[in-house]
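A short write-up of the structure that comes next.
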Amino acid sequence: MYTTELQKQAAVTSVEPAELLAAFEARVAADEFIEPKDWMPEAYRRTLIRQMSQHAHSEVVGMLPEGNWITRAPSLRRKAVLLAKVQDEGGHALYLYSATETLGAARDDLIDALHSGKAKYSTIFNYPTLTWADIGAIGWLVDGAAIMNQVPLQRTSYGPYARAMVRICKEESFHQRQGYEIMMALAGGTAEQKRMAQDALNRWWWPSLMMFGPPDDNSPNSAQSMRWRIKRDTNDQLRQKFVDITVPQAEAIGLSVPDPDLKWNEARGQYDFGAVDWEEFYAAVRGEGPVARERMQARRKAWDDGAWVRDAATAHAEKQRARQAA
Ligand code: FAQ
């Protein structure tokens with residue numbers, strides 16, 4: 001798992017020298033970026049490897065629900081846009097895996113952890129995409145929730161993660177708008193198209209709220225990650241922001257958010273909203289989401305089918321190295 005001597009030393013150092021720790025904490029407190037060769041507490045490194053690799057896995061598995069509609073997009077324009085979007089998600093995974101490697105993690109270990117079910121990925125991608133409107137709902141809600149979480153990550157304390165987020169956020173912002181535009185077209189279309197859009201919103205609303213993670217009082221990692229400025233906002237703060245921004249967007253296109261308890265709270269200047277079904281969330285985290293098994297099967301098959309490409313690329317690189325040496 002550890003690739004450099006420095007990282008090996010850090011990993012086996014059980015007592016972290018107090019002055020190194022104090023200097024690290026002072027840098028974090030001063031909003032300086034921590035860079036790959038800087039000393040960092042082992043737990044900080046492990047937290048980042050966990051979060052960043054799970055983020056990368058989410059991007060990769062996240063290609064599957066939308067990939068399902070590339071061949072059935074309703075027009076050439078929609079197909080070209082969807083292809084580009086799905087390709088972007090693959091790119092995000094690549095930046096994130098590369099950024100995780102700067103912490104000494106080996107890519108093969110990370111992929112193994114995904115395929116063996118040891119590593120998590122976002123619960124949202126365990127739901128099926130039943131109609132074309134789901135592609136609109138994913139762009140609007142899922143990318144919308146992803147941006148809400150990722151904009152603050154542009155200021156996360158680990159430099160390579162923060163920098164990867166800058167480009168990812170630009171692309172996610174385009175994704176969110178293309179999704180909303182699909183929903184706008186459907187909501188303004190025939191009665192059947194509007195019904196499809198509402199049905200997609202009904203199915204994707206609550207899983208989108210779950211993307212932000214468990215409530216703050218049940219989030220074991222939040223307090224430490226906030227102290228280390230890996231996370232800049234808590235799960236509940238981001239969930240609230242998402243609700244406040246998204247509800248008026250639904251209203252603007254004549255759709256209704258499927259929450260009978262949703263109400264503008266004048267005193268708070270925010271929406272009150274109903275209880276998320278946390279049992280459903282934890283079941284999805286445990287790998288029991290509606291299409292979780294299919295998602296993992298598809299990932300493992302793609303990995304196995306791609307073995308020859310990896311072998312060919314390795315052979316090509318070796319040939320080039322040998323040629324240069326000669
Ligand atoms: N799904 O203590 P916390 C996207 C786990 S990218 C599954 O609150 P933390 C782009 C969590 O890992 C979407 N597991 O944890 C796209 C932890 O377990 P662990 C992904 C979840 O890390 C769009 C345990 O629960 N984005 O959508 C989830 O402080 C469209 C306790 O939770 C990121 O990964 C969940 N929803 O906060 C692609 C952003 N929530 O690891 C295609 C970066 C929590 O200790 C199409 N990540 N868990 O075993 C983060 O910001 C954080 O990791 C959170 C969780 C906020 C997700």
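The values are calculated or read from the model by the stated rules, or taken from the named source; none is laboratory data. Treat the numbers as computed from the prediction; the structure is a model and nothing was measured. Heads up, the Cβs are rebuilt from the backbone with ideal geometry, glycines too, and the neighbour counts pull from every protein chain shown. We work out accessible area using only protein heavy atoms, side chains counted, and drop any ligands, DNA or RNA first. Shrake-Rupley method; radii C 1.70, N 1.55, O 1.52, S 1.80 Å.
Tabulated results
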item	result
Every residue from the stretch 124-134 that is open to solvent by less than 10 Å² (accessible area, probe 1.4 Å) and near the ligand (Cβ under 10 Å from one of its atoms)	Ile124, Asn126
Members of the stretch 240-252 found to be touching a residue at least 12 places away in the same chain (Cβ under 8 Å) and either near the ligand (Cβ under 9 Å from one of its atoms) or open to solvent by 20 Å² or more (accessible area, probe 1.4 Å) (or both), listed by number	Gln240, Lys241, Asp244, Ile245, Gln249
Scope the stretch 101-111; condition of a type in the set (Asp, Glu) and more than 16 Å from the ligand (Cβ to nearest atom); matching residues	Glu101, Asp108
Asn235 being in contact with a Phe, Trp or Tyr (Cβ under 6 Å, 6 or more places away or on another chain) and either touching a residue at least 12 places away in the same chain (Cβ under 8 Å) or of a type in the set (Lys, Arg) (or both)	yes
Pick from the stretch 245-260, criterion among the β-branched types (Val, Ile, Thr) and in a helix (DSSP H, G or I), ranking: farthest from Asn149 (Cα to Cα)	Val247
Selection from the stretch 139-185 of residues that are of a type in the set (Val, Ile, Thr) and closer than 24 Å to Ala99 by Cβ	Val142, Ile147, Val151, Thr156, Val166, Ile168
Residue pairs meeting the criteria (Cβ under 7 Å; at least 6 apart or on separate chains; first basic (Lys, Arg), in the stretch 64-91; second modelled with pLDDT of 95 or more)	Lys79/Ile70; Lys79/Ala73; Lys85/Glu66; Lys85/His175; Lys85/Gln178
Count of residues meeting criterion [more than 8 Å from the ligand (Cβ to nearest atom), over 16 Å from Ser122 (Cβ atoms) and small (Gly, Ala, Ser)] in the stretch 191-239	4
Those residues of the stretch 212-233 which are assigned to a helix (DSSP H, G or I) and open to solvent by less than 50 Å² (accessible area, probe 1.4 Å), in sequence order	Ser222, Ser225
Subset of the stretch 282-310 that is over 18 Å from Pro65 (Cα atoms) and outside any loop (DSSP other than H, G, I, E, B) - its residue that is most open to solvent (accessible area, probe 1.4 Å)	Trp308
Val151 being open to solvent by 40 Å² or more (accessible area, probe 1.4 Å) and under 21 Å from Phe212 (Cβ atoms)	yes
Residue in the stretch 196-211 that is free of Cβ contacts under 8 Å to residues at least 60 places away in the same chain and either under 24 Å from Gly91 (Cα atoms) or outside any helix (DSSP H, G or I) (or both) present	no
Any hit, the stretch 4-22, residues being open to solvent by 70 Å² or more (accessible area, probe 1.4 Å), of a type in the set (D, E, K, R) and at pLDDT 95 or above	no
Answer residue from the stretch 143-173, given it is of a type outside the set (Lys, Arg) and out of contact with any helix residue (DSSP H, G or I) (no Cβ under 8 Å at 6 or more places or on another chain) and is farthest from Glu66 (Cα to Cα) among those	Gly159
Residue in the stretch 40-54 that is more than 16 Å from the ligand (Cβ to nearest atom), open to solvent by less than 40 Å² (accessible area, probe 1.4 Å), over 18 Å from Asp143 (Cα atoms) and aliphatic (A, V, I, L, M) present	yes
Count of the stretch 55-80 residues which are more than 11 Å from the ligand (Cβ to nearest atom), open to solvent by 40 Å² or more (accessible area, probe 1.4 Å) and closer than 22 Å to Ser208 by Cα	1
Count of the stretch 205-227 residues which are of a type outside the set (S, T, N, Q) and more than 19 Å from Asp277 (Cα to Cα)	3
Sole residue being basic (Lys, Arg) and within 17 Å of Gly144 (Cβ to Cβ), chosen from Lys241, Lys263, Lys301	Lys241
